[in-house]
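Worksheet: the structure to be examined is printed underneath.
The values are calculated or read from the model by the stated rules, or taken from the named source; none is laboratory data. The model shown is predicted, which means the values in this text are computed figures rather than measured ones. Quick reminder, even Gly has a Cβ in these numbers, built from the backbone with ideal geometry, and neighbours come from all protein chains shown.
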Amino acid sequence: MVEAWVVAIGLVLILEGIGPFAAPGRWRQIFETIAKLSDGQLRFYGLVSLLLGLAILVIARTFF
């Protein structure tokens, strides 16, 4: 179980690092745009991201 958490955190860090490494200028622009969103907009995008991740996990557990 611990191994799965370590792998998951490692994958998140890899995915999070791709943007700043590959295109730092564009990543900064996107980050500045996100910082300008209202709290409601951020919550909405956070909820959509959370639900999408949950759906992916459910599908993965069901079919694999």
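The table that follows gives values for the structure above.
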item: Residue check for residue 43: of a type in the set (Lys, Arg) and modelled with pLDDT of 95 or more; result: yes
item: Those helices (runs of 4 or more DSSP H) lying entirely in the chain with at least 1 residues among the aromatic types (Phe, Trp, Tyr), without any contact (Cβ under 8 Å) to a residue 12 or more places away in the chain and exposed (fewer than 10 other Cβ atoms within 10 Å of the Cβ); result: 2-22, 39-63
